[in-house]
Amino acid sequence: MPEVAPMLIVCAEEARVEVELVGGLLACSSCRGTLGPWGHARVRVVRCAAGDRSLRPRRARCRGCAGTHVLLPDLVLLRRRDEVAVIGVAIEAKVRGEGHRPIADRLGVPRDTVRGWLRRFGADSEAIRAYFTRWAFALDAEIGAVLPAGSVFADALEAVAVAVRAWVLRFGAGPVWRVAGLLSGGVLLCNTSCPFPPVR
Ligand SMILES: [Zn+2]
């Protein structure tokens with residue numbers, strides 16, 4: 001059996017993904033070969049700011065290496081139930097000094113869930129800062145130094161912001177946290193057994 005390759009992040013618009021997949025426009029993250037349709041992954045419910053949304057991610061198979069991929073919509077992160085934009089709001093609020101309880105109450109998300117996000121982001125801060133700084137430089141070699149923001153946690157958020165800005169300047173406007181999730185290969189806030197994919 002071919003190895004199951006890491007997630008591939010795609011647009012959350014199912015119709016667009018279908019067109020790209022059937023049209024052979026999506027590339028394998030392992031060998032850059034062309035991906036073709038290969039059924040669906042299980043249905044998952046994503047808690048979005050606008051209410052619950054049911055998603056059935058597409059699966060794809062590479063015509064080159066025969067590896068299979070789940071096409072994770074850019075709306076979500078691997079192993080997280082909530083929309084990445086909602087998680088991002090919590091991270092930004094924490095950097096502004098807010099605690100997990102008021103953040104959770106404002107977002108209508110269980111307090112333990114928000115505490116889990118913030119703890120994971122805090123625990124991975126150094127790796128997140130280093131990874132997104134590499135992305136920022138890969139996207140814009142002329143970029144200045146990422147300035148210290150006052151704490152390891154805030155520095156990590158600053159590096160995310162700088163990398164996303166560099167991406168937007170190069171590829172056009174996009175929702176900040178979706179771009180951040182995309183750059184992380186969907187594993188932002190995943191556990192340490194899911195390393196970030198290489199920066200291209
Ligand atoms: Zn492949």
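Quick one: how many residues across the stretch 150-159 are assigned to a helix (DSSP H, G or I) and surrounded by fewer than 17 Cβ atoms within 10 Å (Cβ to Cβ)? Spell out the reasoning first.
So in the stretch 150-159, the residues assigned to a helix (DSSP H, G or I) come out as 152-159.
Subsequent filtering for residues that are surrounded by fewer than 17 Cβ atoms within 10 Å (Cβ to Cβ) retains 152.
Residues that pass the stated criteria total 1.
Tell me which residues, restricted to the stretch 120-149, are assigned to a loop (DSSP other than H, G, I, E, B) and open to solvent by less than 80 Å² (accessible area, probe 1.4 Å).
Of the stretch 120-149, the ones assigned to a loop (DSSP other than H, G, I, E, B) are 124, 140-149.
Asp124, Asp140, Ile143, Gly144, Val146, Ala149 - these are the residues of the stretch 120-149 that are assigned to a loop (DSSP other than H, G, I, E, B) and open to solvent by less than 80 Å² (accessible area, probe 1.4 Å).
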*Quick check, is Arg53 within 16 Å of the ligand (Cβ to nearest atom) and either in a helix (DSSP H, G or I) or open to solvent by 10 Å² or more (accessible area, probe 1.4 Å) (or both)?*
no
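Out of Arg106, Arg61, Arg101, report the one residue that is more than 19 Å from the chain's Cα centre (by Cα), of a type outside the set (S, T, N, Q), within 16 Å of the ligand (Cβ to nearest atom) and open to solvent by 60 Å² or more (accessible area, probe 1.4 Å).
Numbers: Arg106 fails: within 16 Å of the ligand (Cβ to nearest atom); Arg101 fails: within 16 Å of the ligand (Cβ to nearest atom).
Exactly one residue qualifies, and that residue is Arg61.
Name the residues in the stretch 13-53 that are β-branched (Val, Ile, Thr) and at pLDDT 90 or above, would you? Break it down stepwise before answering.
Filtering the stretch 13-53 for residues β-branched (Val, Ile, Thr) gives 17, 19, 22, 34, 43, 45-46.
Hits for the stretch 13-53 are Val19, Val22, Thr34, Val43, Val45, Val46.
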_Just the residues that are part of a strand (DSSP E or B), closer than 14 Å to Leu71 by Cβ and away from the ligand (no atom under 16 Å from the Cβ), please, taken from the stretch 13-48._
Gly39, His40, Arg44
*Residue ID - modelled with the highest pLDDT, chosen from residues in the stretch 1-12 that are open to solvent by less than 30 Å² (accessible area, probe 1.4 Å) and within 14 Å of the ligand (Cβ to nearest atom)*: Leu8
_Scope the stretch 64-91; condition more than 14 Å from Trp38 (Cβ to Cβ) and either in a loop (DSSP other than H, G, I, E, B) or open to solvent by 60 Å² or more (accessible area, probe 1.4 Å) (or both); matching residues_ = Asp74, Leu75, Val76, Leu77, Leu78, Arg79, Arg80, Arg81, Glu83
*asked:* For a quick check of your reading of the model, give me the residue pairs whose first member lies in the stretch 21-39 and is touching a residue at least 60 places away in the same chain (Cβ under 8 Å), whose second is within 14 Å of the ligand (Cβ to nearest atom) and of a type in the set (A, V, I, L, M), with beta-carbon atoms closer than 7 Å and at least 6 apart or on different chains.
replied: Ser29/Ala5; Ser29/Leu8
*Determine which single condition His69 fails, assuming it passes every other condition in (1) within 16 Å of the ligand (Cβ to nearest atom); (2) out of contact with any Pro (no Cβ under 6 Å at 6 or more places or on another chain); (3) more than 19 Å from Pro197 (Cβ to Cβ).*
(3)
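To keep it simple, each residue is scored yes or no on (1) in a helix (DSSP H, G or I); (2) surrounded by fewer than 20 Cβ atoms within 10 Å (Cβ to Cβ); (3) at pLDDT 95 or above.
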position: Ala93; (1), (2), (3): yes, yes, yes
position: Gly97; (1), (2), (3): no, yes, yes
position: Thr113; (1), (2), (3): yes, yes, yes
position: Leu118; (1), (2), (3): yes, no, yes
position: Ala161; (1), (2), (3): yes, yes, yes
position: Gly181; (1), (2), (3): yes, no, no
position: Gly186; (1), (2), (3): no, no, no
position: Cys194; (1), (2), (3): no, yes, no
*Please go through the stretch 169-179 and pick out each residue that is at pLDDT 90 or above, in contact with an Asp or Glu (Cβ under 9 Å, 6 or more places away or on another chain) and not charged (D, E, K, R).*
Leu169, Pro175, Trp177, Val179
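The values are calculated or read from the model by the stated rules, or taken from the named source; none is laboratory data. Bear in mind the structure is a predicted one, so any value in this text is a computation, not a measurement. Note: ideal-geometry Cβ built from the backbone for every residue, glycine included; neighbour counts use all protein chains shown. In case anyone asks, the SASA skips ligands and DNA or RNA and just uses the protein heavy atoms, side chains included. Shrake-Rupley method; radii C 1.70, N 1.55, O 1.52, S 1.80 Å.
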